[in-house]
Amino acid sequence: MTIRYLTSGESHGKALIGILEGFPSGLPVSAGDIDSDLRRRQGGHGRGGRMKIETDHAQILSGIRFGKTIGSPIALLIENKDWLNWQDIMNSQFTVHNSQVKAVTSPRPGHADLAGAVKYDTHDMRNILERSSARETAMRVALGAIAKRFLSEFNVKIGSCVIQIGTVHSSQFTAHSSEKGLLKIFNEAELSPVRCPDKISSKKMVQLIDKAVKEGNSLGGIFEVFATDVPAGLGSHIQWDKRLDGKLAQALMSIQAIKGVEIGMGFEMSRKSGSEVMDEIFYKSSKFYRKTNNAGGIEGGMTNGMPIIIRAAMKPIPTLRKPLCSVDITTKKPFKAAYERSDICAVPAAGVVGEAMTALVIADAFLEKFGGDCMAEVKRNYNSYLKYLSKF
């Protein structure tokens, strides 16, 4: 792995911390580049009250000087403004007062609470739910914004849109869209309160979310991430852990509440014959090309020059205003699951997180192939490869 990154912090702790290592020197980066994606993550119809409290802003602590990376690890900090309301509950020091804080003992079905309590030997599941919370993804988005900034130097663009919430599915498909078409779809999605490019479906999704709010329920859905102008040859077929599709699937599956990932046509391929789904190869003007993109831009674990298309299925948020049945882990008696302030639907936000994870994976593969210690060296290597491709 060329790029390494870590996040730290609890949902209601003082702050989130991120460390990103492996980017070359000379990459222009500003806090504004990062904050714009943080704002996008906080949006979307169906978000909870937490978004009214937080105004996420990334503080650059190291690795960037005078607006450019210097080759050393980049450290970021995002303060949790809600910490002020949770100081006693999340205090890192033990006092008599802290010992009187009520433990969370009723696990929520579908959450990390019970499994984490068993694994880490705790009878206060706040120790689990604070870190397993999707609040952690704010830092992933911040780190991913730097990866997107790097890729933009090579005209690689990454975006996302929502194609389904609950039972409402968008009628607009992106599978065989051109790179310009994908960017148009992305721009249209950014104007929607649920980040869906289909105006009719977008309206129906909003209505469905409003219905779930009244019922004290939650909704999941499907978002799609795309990457355009990705050169052929990233990733490899030679080992399981070198395959780019495997890395992308792992990255998206690691996002909280994601339960399924597909690339290109994905599961639909299993219901068709080979002649219906393989992308035929053509050659014109000294260039190989495909008229279809059922493979989603990846064949044999490697990019093939077509846009990368990935979809991820997000389950409904486990925290419900009308809690489900559970068992108190101390008394072992039936109990209603604990309720923490939560979203009703976070699929639009999850798409932004998906962009970040996709960007980090592609940037890593990019640097593995065209690596250098400074941006000028990476660009020389990249341009040399483009010349090679034009003569292949």
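The values are calculated or read from the model by the stated rules, or taken from the named source; none is laboratory data. The model shown is predicted, which means the values in this text are computed figures rather than measured ones. Here Cβ is always computed from backbone atoms with ideal geometry, including for glycine, and neighbour counts include all displayed protein chains.
Odds and ends about this structure:
- Inter-residue pairs, beta-carbon under 6 Å, first at pLDDT below 95 and in the stretch 231-245, second in a loop (DSSP other than H, G, I, E, B) and among the β-branched types (V, I, T), 6+ apart: none
- Going through (1) in contact with a Pro (Cβ under 7 Å, 6 or more places away or on another chain); (2) of a type outside the set (F, W, Y); (3) at pLDDT 95 or above; (4) more than 11 Å from C161 (Cβ to Cβ) one by one, R195 falls short only on (4).
- The number of residues in the stretch 204-230 being buried (at least 19 other Cβ atoms within 10 Å of the Cβ), out of contact with any strand residue (DSSP E or B) (no Cβ under 7 Å at 6 or more places or on another chain) and assigned to a loop (DSSP other than H, G, I, E, B) comes to 1.
- Restricting attention to the stretch 287-299, the residues being small (G, A, S) and either over 16 Å from G246 (Cβ atoms) or over 24 Å from the mean Cα position of the chain (by Cα) (or both) number 0.
- Any chance E368 is in contact with an Asp or Glu (Cβ under 8 Å, 6 or more places away or on another chain) and either at negative phi or modelled with pLDDT under 95 (or both): no
- Matching option when the condition is in contact with a Lys or Arg (Cβ under 6 Å, 6 or more places away or on another chain) and crowded, with 20+ Cβ neighbours inside 10 Å, among E10, E54, E21: E10
- Tabulated pairs, the stretch 364-388, first in a loop (DSSP other than H, G, I, E, B), second at pLDDT 95 or above and among the charged types (D, E, K, R), C-beta under 9 angstrom, 6+ apart or interchain: G371/E377; G372/K379; G372/R380
- Output for the stretch 111-159, where each listed residue is among the aromatic types (F, W, Y) and without any contact (Cβ under 8 Å) to a residue 12 or more places away in the chain: Y120
- Residue within the stretch 80-94 that is of a type in the set (K, R), at pLDDT 90 or above, buried (at least 22 other Cβ atoms within 10 Å of the Cβ) and within 27 Å of A15 (Cα to Cα) present: no
- If you filter the stretch 177-189 down to residues that are surrounded by 17 or more Cβ atoms within 10 Å (Cβ to Cβ) and farther than 18 Å from R40 by Cα, you find that the one that is modelled with the highest pLDDT is L182.
- Residue check, S192 out of contact with any helix residue (DSSP H, G or I) (no Cβ under 9 Å at 6 or more places or on another chain) and buried (at least 19 other Cβ atoms within 10 Å of the Cβ): no
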